[in-house]
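The values are calculated or read from the model by the stated rules, or taken from the named source; none is laboratory data. Here the structure is a predicted model, which is why all the values come from computation and not from measurement. When we count neighbours, we look across all protein chains shown, and the Cβ atoms used for this are built from the backbone with ideal geometry, even at glycine.
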Amino acid sequence: MAIRLDRVAPLASLIAYDYADGRQFPGAPMLNLQIPHATTVSALRTRIRGWREERLSVGFVPTMGALHKGHLALVQLAKAQCDRVVASIFVNPAQFAPGEDFEAYPRTVIEDSQKLTEARCDLIYLPTNEAIYPDGFATSISMTGPAEGLESVTRPHFFNGVATVVAKLLNQVRPDVAVFGEKDYQQLLVIRQLARDLDLGVNIIAGETVREADGLALSSRNAYLTPPERQKAGHLNVILKQFAADLQAGQSIETARLTALNACQTGFDEVDYIEARCADTLAPLPPGRLRASARVLAAIRLGTTRLIDNCAALPS
Ligand code: PAF
């Protein structure tokens, strides 16, 4: 039986519902959540209106779930900036192309809710598909600028899907501050551009990448790595840091890039890109030595898993 929740759960109440008709968590058992949560826009806004009446500021951390310490650090950052924090979990079909891992993407809403409770997040927004893409939904935001190149070469659908869902979520929550991880650096710049272009009135804040001891950036997709792949994966950060150091030491961008590309081709199964770009716009850099702040970014594949990472590169 599917029990749909149409209002905000009172604090610490035990509410059972499922998403059988929302297609967000196919086959999920009944969920018992003990943290205030909302699944509809009206429930979400009721809770937030209460905070606004108390003149409290609101921070927002949008996620696709499968939460790790990187996400929880974003929640902490939002808590440091705002009186109340909302985190959303929505696996957004519009940012996956056919054949990508939408179906396989880990859905761990019970564990995620426990982690958010421990992180003292104030409200979890778990929109059903209908709350985001109601019947007849016909809008897609088309991004250029920082969305061009890099990720868009292999995932041309991706940033339009991200921009559409993020615009929708930001409009539903209307936070003062929204926090996005630097691990998805191109996404961060795309969302800043989106917020600026559409006057969304939200301050977009960047959270630093959280890493494993060997440098591997935390990502929900790391769960796909086999043990031998996991052993190799940390090397991506080593290569990027060396790329940034070579630029800082005065090597030409092309020489440093070729060294980094060779290292990636030796260490990984495929290289989608490894590039140095302008840190603020992701525009290509003029040839020669680095003259302004840059970002080095890469996407590689280990088996069936695609990993991305990036780091800052400063001129000497
Ligand atoms: O970075 C993510 O987890 C997603 O792209 C986001 C921003 C939650 C949009 O679905």
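General remarks:
- With respect to the conditions (1) under 26 Å from Gln76 (Cβ atoms); (2) within 16 Å of the ligand (Cβ to nearest atom); (3) crowded, with 18+ Cβ neighbours inside 10 Å, Ala299 falls short on a single one, namely (1).
- Only one entry of Leu67, Leu33 meets the criterion of being in contact with a helix residue (DSSP H, G or I) (Cβ under 7 Å, 6 or more places away or on another chain), surrounded by 21 or more Cβ atoms within 10 Å (Cβ to Cβ) and at pLDDT below 95, and that entry is Leu33.
- Val153 modelled with pLDDT under 95 and among the β-branched types (Val, Ile, Thr): no
- Output for region 156-166, where each listed residue is in contact with a helix residue (DSSP H, G or I) (Cβ under 8 Å, 6 or more places away or on another chain) and away from the ligand (no atom under 11 Å from the Cβ): His157, Asn160
- Condition check for Ser88: crowded, with 16+ Cβ neighbours inside 10 Å and touching a Pro at 6+ places or on another chain (Cβ under 7 Å): yes
- Here the helices (runs of 4 or more DSSP H) wholly within region 168-272 that include at least 3 residues being surrounded by 19 or more Cβ atoms within 10 Å (Cβ to Cβ) and without any contact (Cβ under 8 Å) to a residue 40 or more places away in the chain are 185-197, 253-267.
- Take the conditions (1) touching a helix residue (DSSP H, G or I) at 6+ places or on another chain (Cβ under 6 Å); (2) part of a helix (DSSP H, G or I); Val153 misses just one of them, which is (1).
- Candidate set: region 179-202, residues that are more than 9 Å from the ligand (Cβ to nearest atom) and of a type in the set (Gly, Ala, Ser); chosen: the one nearest to Leu44 (Cα to Cα): Gly201
- For region 135-143, the criterion of a residue being within 14 Å of the ligand (Cβ to nearest atom), buried (at least 23 other Cβ atoms within 10 Å of the Cβ) and not hydroxyl-bearing (Ser, Thr, Tyr) is satisfied by no position.
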